[in-house]
1. Sorted by mean Cβ packing within 10 Å, highest first, what order do the peptides 99-110, 73-84 take?
2. Just by accessible area at a 1.4 angstrom probe, what is the order of L68, L48 from largest to smallest?
Amino acid sequence: MTVRRAGPLPVALLAALLWAGAPVGARAISVDDLAESIDAFVQGALRLHINARLVSPDQDEAVWAMDLTRVTIGGRSVRVRLDGTGIVVVADFTPYWENEDDLLLVAQGQTWITDPRGEGETTYRTSFTTLPIRLGEPIIFLPLGAGTADAGNDLDTDLADHLNIELEISVERYQS
């Protein structure tokens, strides 16, 4: 079946539609309705604050840190990507409203770790967790797992032997 696009509307017809002032196939929206819709949207908006850091398990101090704040709405994810030498971490955080003060936070993580020794073999790992949280309550997400060097994980890289990746997330209402 061939679909042909109609040519441009005749100028006279277009002018008549504009002159009539009536929207075609749409409901007219008042300024009050629009302002009310925007207020409802902003009241449901959330601010995710993410502190990403690389921590040395021996010294329990951050050797690198990054703060990130993003605004989202319930059901829409916020993505964080960390690129380092031999490692890439991608984490998606999706908040869902449970009630007025409680959320369900879905955290999904993907890591690619390339062993710089030998043939540069890349290991891919995923993590997924669902956490019930309260507004403002900080949580820690560990995309490589807790205590990577001590937990017997088979990550055979210098990074995994000496550093942990921690993502601290807190979710609050958006305040404009």
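1. Working: 99-110: 15.2, 73-84: 13.8.
The peptides rank, most packed first, as 99-110, 73-84.
2. Final ranking, largest accessible area leading: L68, L48.
The values are calculated or read from the model by the stated rules, or taken from the named source; none is laboratory data. Small disclaimer: the values here were computed from a predicted structure and weren't measured. Cβ: placed from backbone, ideal geometry, glycine included. Neighbour counts: every protein chain shown. The protein model used for the area step is the full one, side chains on, heavy atoms only, and it has no ligands, DNA or RNA in it. Shrake-Rupley method; radii C 1.70, N 1.55, O 1.52, S 1.80 Å.
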